[in-house]
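*Asks:* Below is a structure I'd like to ask you about.
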Amino acid sequence: MDYDSGFILQKEVNWSLLNEGLAIPISACSRFSDWDASILKHGASKQVKILIDNEFYDAKLINQNFDKRKYPNHRDIIQIRYTPNSLIAAKLRSVFQESYKHLFAQRQLEENRHRQLVLPSDINEYVRLYLTPSPDVLCMECCTNVEYQQVAKSLSAVPEEIYEQSDDDKFFMADKYASIEEKQQLVKYRKIDRSIILTLKKFYDYRDEISGERIGNEYGDSVVEAHHIDYFTRSQNNDSTNIIIISPNYHRIIHKNNPRFNRRKFQFEFDNGEVLKLKLYEHLKVG
């Protein structure tokens with residue numbers, strides 16, 4: 001796949017993905033304008049094909065038709081939808097058997113069927129979604145726990161700052177003991193990160209999410225960097241909801257002090273009691 005231009009999202013496997021579908025992050029919705037602008041119309045929908053392991057599966061791409069008079073400030077919600085009995089749902093449950101087994105067991109015991117089910121910490125599985133040259137075809141890449149564990153070994157020796165700041169060639173050589181396949185995976189992860197980062201920078205008009213300002217704007221430029229909330233070298237999470245765009249100064253302060261990030265208050269909390277609160281955080285909102 002074209003990891004630099006076609007990538008849309010990475011999403012952790014959950015019950016909804018294995019049975020009903022997934023939502024497109026608001027920061028990535030604009031990417032659809034060059035792919036198929038028609039889906040950006042409120043209430044629009046169309047049939048699409050999802051390519052998984054060289055096989056096509058039917059799904060529906062929809063722009064949710066909620067009442068804009070009731071929710072005038074709510075952005076459009078673009079989703080990929082299918083049914084639990086569909087071939088694509090069966091395919092995903094087959095690929096992610098480990099996740100499905102644990103989620104199914106939780107669901108059988110859970111009285112509140114709307115509560116978010118959580119996978120054990122030792123199971124890490126994802127899908128990645130890509131646009132293709134065809135406006136009716138999307139590609140989904142499945143990343144199983146086995147692949148996650150293979151890459152984790154190489155990443156464990158890489159400092160987070162090197163991962164976030166290095167170019168592909170330097171990162172490719174970060175672990176001289178890694179196999180060619182592992183190195184290729186690391187480069188792929190880094191390229192995917194860059195795609196997400198560029199999308200988020202554009203989404204926030206190159207503003208620092210902490211101050212809300214464009215750093216260097218008075219000089220005709222904007223200098224911002226990407227930070228992984230849960231360090232990628234430990235989490236392998238390059239979902240857009242794990243990345244924020246901040247100034248280099250704030251970035252260095254956060255890495256030097258390792259503050260906790262409070263997702264409910266959208267702020268970093270330091271051991272000395274100080275906080276850094278985000279002014280811009282729309283892409284981090286859930287629901």
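The values are calculated or read from the model by the stated rules, or taken from the named source; none is laboratory data. Just so it is clear, the model here is predicted, and its values are computed rather than measured. Heads up, the Cβs are rebuilt from the backbone with ideal geometry, glycines too, and the neighbour counts pull from every protein chain shown. Accessible surface areas use protein heavy atoms only, side chains included; no ligands, DNA or RNA. Shrake-Rupley method; radii C 1.70, N 1.55, O 1.52, S 1.80 Å.
*Asks:* Which of the residues spanning the stretch 127-146 are open to solvent by 20 Å² or more (accessible area, probe 1.4 Å) and either polar (S, T, N, Q) or touching a strand residue (DSSP E or B) at 6+ places or on another chain (Cβ under 9 Å) (or both)?
*Replies:* Correct list: Leu131, Thr132, Ser134, Pro135, Asp136, Val137, Glu141, Cys142, Thr144.
*Asks:* Okay, next question. Take the stretch 57-84 and flag every residue that is among the hydrophobic types (A, V, I, L, M, F, W, C), within 14 Å of Leu40 (Cα to Cα) and either in a strand (DSSP E or B) or touching an Asp or Glu at 6+ places or on another chain (Cβ under 7 Å) (or both).
*Replies:* Within the stretch 57-84, Leu61, Ile62, Ile78, Ile80 meet the criteria.
*Asks:* Within the group Arg190, Arg194, which residue is in a helix (DSSP H, G or I), within 29 Å of Ala152 (Cβ to Cβ) and either open to solvent by less than 40 Å² (accessible area, probe 1.4 Å) or at pLDDT 85 or above (or both)?
*Replies:* Numbers: Arg194 fails: either open to solvent by less than 40 Å² (accessible area, probe 1.4 Å) or at pLDDT 85 or above (or both).
After ruling out the rest, the residue left standing is Arg190.
*Asks:* Test Asp53 against the stated conditions and say whether it is more than 20 Å from the chain's Cα centre (by Cα) and at positive phi. Step through it out loud before you land on a result.
*Replies:* Working: more than 20 Å from the chain's Cα centre (by Cα): yes; at positive phi: yes.
Yes: the conditions hold for Asp53.
*Asks:* Which residues, taken from the stretch 150-160, are small (Gly, Ala, Ser), surrounded by fewer than 18 Cβ atoms within 10 Å (Cβ to Cβ) and either touching a strand residue (DSSP E or B) at 6+ places or on another chain (Cβ under 7 Å) or outside any loop (DSSP other than H, G, I, E, B) (or both)?
*Replies:* Kept after step one, since they are small (Gly, Ala, Ser), are these residues of the stretch 150-160: 152, 154, 156-157.
Next cut, surrounded by fewer than 18 Cβ atoms within 10 Å (Cβ to Cβ) only: 152, 156-157.
Ala152, the sole residue that qualifies.
*Asks:* Being over 26 Å from Ala59 (Cβ atoms) and either part of a helix (DSSP H, G or I) or over 16 Å from the mean Cα position of the chain (by Cα) (or both) is true for just one of Glu147, Glu164. Which residue is that? Let's see the steps before the verdict.
*Replies:* Working: Glu147 fails: over 26 Å from Ala59 (Cβ atoms).
Unique residue meeting the criteria: Glu164.
*Asks:* Could I ask something else about it? Among the residues of the stretch 82-126, which ones are under 20 Å from the mean Cα position of the chain (by Cα), surrounded by fewer than 15 Cβ atoms within 10 Å (Cβ to Cβ) and either modelled with pLDDT of 90 or more or not aliphatic (A, V, I, L, M) (or both)?
*Replies:* Here is the first cut: in the stretch 82-126, the residues under 20 Å from the mean Cα position of the chain (by Cα) are 92, 95-96, 99, 116-126.
Now narrow it down to the ones that are surrounded by fewer than 15 Cβ atoms within 10 Å (Cβ to Cβ): 116, 118, 120-122.
Across the stretch 82-126, the qualifying residues are Gln116, Pro120, Ser121, Asp122.
*Asks:* A follow-up question, please. Would you pick out the residues in the stretch 200-238 that are charged (D, E, K, R), part of a loop (DSSP other than H, G, I, E, B) and within 20 Å of Arg128 (Cα to Cα)?
*Replies:* Filtering the stretch 200-238 for residues charged (D, E, K, R) gives 201-202, 205, 207-209, 213-214, 218, 221, 225, 230, 234.
From what's left, part of a loop (DSSP other than H, G, I, E, B): 205, 207-209, 213-214, 221, 230.
If the condition is that a residue be charged (D, E, K, R), part of a loop (DSSP other than H, G, I, E, B) and within 20 Å of Arg128 (Cα to Cα), then Asp230 is the only one that fits.
*Asks:* Mind checking whether some residue in the stretch 56-67 is surrounded by 11 or more Cβ atoms within 10 Å (Cβ to Cβ), in contact with a helix residue (DSSP H, G or I) (Cβ under 8 Å, 6 or more places away or on another chain), in contact (Cβ under 8 Å) with a residue 12 or more places away in the chain and basic (Lys, Arg)?
*Replies:* The answer is no, given that none of the residues of the stretch 56-67 is surrounded by 11 or more Cβ atoms within 10 Å (Cβ to Cβ), in contact with a helix residue (DSSP H, G or I) (Cβ under 8 Å, 6 or more places away or on another chain), in contact (Cβ under 8 Å) with a residue 12 or more places away in the chain and basic (Lys, Arg).
*Asks:* For the stretch 198-228, how many residues are within 15 Å of the chain's Cα centre (by Cα), open to solvent by 20 Å² or more (accessible area, probe 1.4 Å) and closer than 16 Å to Gln165 by Cα?
*Replies:* Residues that pass the stated criteria total 2.
*Asks:* I'd like to know if the stretch 4-13 contains one or more residues that are of a type in the set (Phe, Trp, Tyr) and either out of contact with any Phe, Trp or Tyr (no Cβ under 8 Å at 6 or more places or on another chain) or open to solvent by 80 Å² or more (accessible area, probe 1.4 Å) (or both).
*Replies:* First, the residues of the stretch 4-13 that are of a type in the set (Phe, Trp, Tyr): 7.
Among the residues that remain, those that are also either out of contact with any Phe, Trp or Tyr (no Cβ under 8 Å at 6 or more places or on another chain) or open to solvent by 80 Å² or more (accessible area, probe 1.4 Å) (or both) are: none.
No, that holds for no residue.
*Asks:* Let me ask another. Does the stretch 85-103 hold any residues that are in contact (Cβ under 8 Å) with a residue 24 or more places away in the chain and either within 19 Å of His42 (Cα to Cα) or in a loop (DSSP other than H, G, I, E, B) (or both), and which are they?
*Replies:* To start, the set of residues in the stretch 85-103 that are in contact (Cβ under 8 Å) with a residue 24 or more places away in the chain comprises 86-89, 91-93, 95-96, 98-100, 103.
Matches in the stretch 85-103: Ser86, Phe96.
*Asks:* Just need a number here: residues in the stretch 242-279 that are in contact with a Ser or Thr (Cβ under 9 Å, 6 or more places away or on another chain) and open to solvent by less than 70 Å² (accessible area, probe 1.4 Å).
*Replies:* Looking only at that region, the number is 4.
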